[in-house]
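**Student:** Dumping the structure here so I can ask a few things about it.
Here, each number is a calculation from the coordinates, and none is a lab measurement. In this text the structure is predicted, and so the values were computed from the model without any measurement. Backbone-built Cβ (ideal geometry, glycine too); neighbour counts: all protein chains shown.
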Amino acid sequence: MRGLLASFVVLLLISLPLWAAAGWVEEQQLGPYLIRSEFALRDVSDLVSDLGDLQTDLETMLSLKCQPTEIQIHLFRSQRTYVNYLSKRVPDGTKRRALFVQGTDAGRVYAYQTRDLDTDVRHETTHALLHTALPFVPLWLDEGFAEYFEASPGLREKHHPHLGEIRRAMWWKPEIEKLEAKREMLDMGKNDYRDAWGVIHFILHGPPAAREALAAYFDEIKSGKAPTPLSQHLRRRIPNLDQKIISHLK
């Protein structure tokens, strides 16, 4: 009897889909996203709905065309299961609350349940989408866009926490060239994420010349040649750029 029971368990595991056998409670295909979760996705229905619109929002706001083949989103019920999973696959990422990894076959997003899960997943998925639209994205710009699109659509323009932070900061200025000099994630401090968001907010909601500068910059990136820094594109088109950004945000 024990042998028959053991055989039944083995057969049951073999008959299960691989994602279920691996411990996922639910798997759902949503456009380019393959979402695997250790908890029921109905618990994060608003997030799933936002993901369905995120690509359209990004393409519309940035005048880009994302071309994702597949973006895998892995949602974990706890930090413990998240760390256990990543320690075998992306050990350098275990200290981060959420992570995007570009693989040769697919982009992968990893995050675990916290009160900020929605924000974390939108942030990392923005990275994943952006890297399907452009062959190269400078670090500060990559993070600035992710900071912008991490907020739910109704909060992006006027209610992001960074807006209040900038308005409270004494003598704040954007210092775009310093942001452009950042090359490694460890170079990006908390204020750098805030400042990158501020520049992106100005570009997307400021004068039309700022959008024109971004479009010209993207065209250079897509051409494959080394692009002129975005700061130079902006300064050519917008006199007193720093003061214009400050006035826009303050």
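**Student:** Condition first: within 30 Å of P208 (Cα to Cα) and over 15 Å from the mean Cα position of the chain (by Cα). Now tell me which residues in the range 63-118 satisfy that.
**Tutor:** S63, L64, K65, Q67
**Student:** Output the number of the condition that E147 fails; it satisfies all remaining conditions of (1) farther than 18 Å from M61 by Cα; (2) assigned to a helix (DSSP H, G or I).
**Tutor:** Against the list (1) farther than 18 Å from M61 by Cα; (2) assigned to a helix (DSSP H, G or I), E147 comes up short only on (1).
**Student:** While we're here: Among the residues of the range 216-235, write down those that are exposed (fewer than 14 other Cβ atoms within 10 Å of the Cβ) and free of Cβ contacts under 8 Å to residues at least 40 places away in the same chain.
**Tutor:** Of everything in the range 216-235, those that are exposed (fewer than 14 other Cβ atoms within 10 Å of the Cβ) and free of Cβ contacts under 8 Å to residues at least 40 places away in the same chain turn out to be D219, S223, K225, A226, T228.
**Student:** Here is a further query. Could you please tell me which pairs satisfy a Cβ distance under 9 Å, a separation of 6+ or placement on different chains, a first residue in the range 68-85 that is within 13 Å of R96 (Cα to Cα), and a second residue that is assigned to a helix (DSSP H, G or I)?
**Tutor:** Close Cβ pairs (under 9 Å, with a partner that is assigned to a helix (DSSP H, G or I)) do not exist here.
**Student:** Please indicate, with yes or no, whether at least one residue in the range 121-133 is more than 30 Å from A216 (Cβ to Cβ), surrounded by 13 or more Cβ atoms within 10 Å (Cβ to Cβ) and either in contact with an Asp or Glu (Cβ under 9 Å, 6 or more places away or on another chain) or of a type outside the set (S, T, Y) (or both).
**Tutor:** Among the residues of the range 121-133, at least one is more than 30 Å from A216 (Cβ to Cβ), surrounded by 13 or more Cβ atoms within 10 Å (Cβ to Cβ) and either in contact with an Asp or Glu (Cβ under 9 Å, 6 or more places away or on another chain) or of a type outside the set (S, T, Y) (or both), which makes the answer yes.
**Student:** Would the range 162-173 turn up any residue that is assigned to a loop (DSSP other than H, G, I, E, B) and in contact with a Ser or Thr (Cβ under 8 Å, 6 or more places away or on another chain)?
**Tutor:** No - not one qualifying residue is present in the range 162-173.
**Student:** Here is a check on your reading of the model: is D219 of a type in the set (D, E) and within 22 Å of E175 (Cβ to Cβ)?
**Tutor:** No: the conditions fail for D219.
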